[in-house]
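Take a look at the structure below.
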């Protein structure tokens with residue numbers, strides 16, 4: 001049974017989330033602050049974290065940073081009353097995978113959780129298929145209509161991450177951490193250079209996907 005972790009100091013919010021998610025067959029773990037949450041993540045098999053921003057001891061911002069540093073692939077859904085664009089941008093920049101504003105529709109919460117888990121499963125499979133295009137991370141092969149396309153390793157990894165999570169926005173910082181590593185000291189504009197090269201090689205695939213620049217945030221791959 002998949003275990004989800006809900007991190008929120010509001011008991012009523014946790015109970016609401018738990019009610020709807022348990023009805024979908026998930027096991028639920030709970031924490032009231034970031035410190036408790038990290039302890040649970042380190043000792044339990046958690047497949048996804050739903051977290052608030054404003055909490056005692058350690059808030060959601062700091063928790064997101066610590067999770068991304070130590071558990072880079074763990075899906076994160078930030079659910080907060082802070083619905084302003086600046087807060088959503090900050091959440092994505094720190095590494096959250098999705099952002100939902102309170103008050104929320106519980107059915108939308110369930111759908112977003114399922115979508116994040118589906119994306120994570122696809123990514124873990126090491127194989128991504130976009131209609132006629134197949135990316136195999138075990139062999140770094142790119143096959144399009146039975147034709148093999150050669151990509152340098154970093155370009156492949158960048159495309160693989162974006163294709164694993166269609167329509168999800170990744171900041172340059174997130175992509176640097178995932179592909180070049182947290183200790184990378186170069187210019188994060190290297191992401192722009194690699195994106196440009198990928199676009200040049202896949203212009204003929206414009207009827208399947210394109211990589212969109214999201215102003216103020218980063219990039220996302222859009223399937224047509």
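The values are calculated or read from the model by the stated rules, or taken from the named source; none is laboratory data. Computed from a prediction, not measured in an experiment: that's the story for all the values here. Neighbour counts run over all protein chains shown; Cβ positions are idealised from the backbone, glycine included.
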Exactly one of 129, 84, 57 is outside the structural domain of residue 181 (by TED's automatic domain parsing) and either out of contact with any helix residue (DSSP H, G or I) (no Cβ under 6 Å at 6 or more places or on another chain) or over 28 Å from residue 34 (Cα atoms) (or both), and that one is 84
What's the number of the condition residue 54 fails, among (1) free of Cβ contacts under 8 Å to residues at least 60 places away in the same chain; (2) crowded, with 17+ Cβ neighbours inside 10 Å? (2)
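Looking at 24, 15, 30, which one is crowded, with 16+ Cβ neighbours inside 10 Å, at pLDDT 90 or above and over 29 Å from residue 183 (Cβ atoms)? Please lay out each step first, then the result.
On the way: 24 fails: crowded, with 16+ Cβ neighbours inside 10 Å; 15 fails: crowded, with 16+ Cβ neighbours inside 10 Å.
Every option except 30 fails the conditions.
Please specify each residue of the stretch 90-107 satisfying the condition of being out of contact with any strand residue (DSSP E or B) (no Cβ under 9 Å at 6 or more places or on another chain) and farther than 16 Å from residue 8 by Cα.
Listed by number, the residues that qualify are 90, 105, 107.
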Pick from 156, 104, 160: which is surrounded by 14 or more Cβ atoms within 10 Å (Cβ to Cβ), free of Cβ contacts under 8 Å to residues at least 40 places away in the same chain, assigned to a loop (DSSP other than H, G, I, E, B) and at negative phi? 104
If you check 147, 173, which single one turns out to be surrounded by fewer than 20 Cβ atoms within 10 Å (Cβ to Cβ) and more than 15 Å from the chain's Cα centre (by Cα)? 147
For the subset of the stretch 108-131 comprising residues that are touching a strand residue (DSSP E or B) at 6+ places or on another chain (Cβ under 7 Å) and part of a strand (DSSP E or B), which member is farthest from residue 211 (Cα to Cα)? 127
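Please specify each residue of the stretch 208-222 satisfying the condition of being over 26 Å from residue 86 (Cβ atoms) and either at pLDDT 85 or above or not assigned by TED's automatic domain parsing to the domain that holds residue 152 (or both).
The answer is 209, 210.
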Which numbered condition residue 49 misses (of (1) under 22 Å from residue 165 (Cα atoms); (2) part of a loop (DSSP other than H, G, I, E, B)): (2)
Single residue of 64, 96 found to be part of a helix (DSSP H, G or I) and buried (at least 17 other Cβ atoms within 10 Å of the Cβ): 64
How many residues does the stretch 167-207 hold that are in contact with a strand residue (DSSP E or B) (Cβ under 7 Å, 6 or more places away or on another chain) and modelled with pLDDT under 80? 1
